[in-house]
Amino acid sequence: MSQHTALVLLTAVVIGLIIGGLTYLNRVPAPGAVAAGLLAAGGSVPVLRSLILP
């Protein structure tokens with residue numbers, strides 16, 4: 001795994017955790033918060049891949 005891939009995936013995981021945590025703190029049930037975090041992490045990968053140059 002290249003450093004670029006590792007950085008993109010790590011950043012996507014951090015974004016997913018933040019979004020999921022904030023969603024949970026907004027009194028959304030845990031499964032909904034997990035779904036929001038997964039969606040945010042997955043959706044951020046293509047954007048991060050184009051923003052972070054190899």
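The values are calculated or read from the model by the stated rules, or taken from the named source; none is laboratory data. All values reported here derive from a predicted model rather than from experimental measurement. Cβ: placed from backbone, ideal geometry, glycine included. Neighbour counts: every protein chain shown. Note: areas computed on protein heavy atoms with side chains; ligands, DNA, RNA excluded. Shrake-Rupley method; radii C 1.70, N 1.55, O 1.52, S 1.80 Å.
Key figures for this structure:
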item	result
Output for the range 3-34, where each listed residue is of a type outside the set (A, V, I, L, M) and closer than 16 Å to L51 by Cβ	Q3, H4, T5, T11
Cross-chain or 6+ apart pairs with Cβ under 7 Å, the range 17-41 first and more than 27 Å from T5 (Cβ to Cβ), then open to solvent by 90 Å² or more (accessible area, probe 1.4 Å)	A30/Y24
Hits in the range 9-54 - residues which are among the β-branched types (V, I, T) and at pLDDT below 95	I52
Among residues of the range 19-46, those that are within 13 Å of L9 (Cβ to Cβ) and open to solvent by less than 80 Å² (accessible area, probe 1.4 Å), counted	4
Matching residues in the range 1-18 - criterion: being open to solvent by 80 Å² or more (accessible area, probe 1.4 Å) and not aliphatic (A, V, I, L, M)	Q3
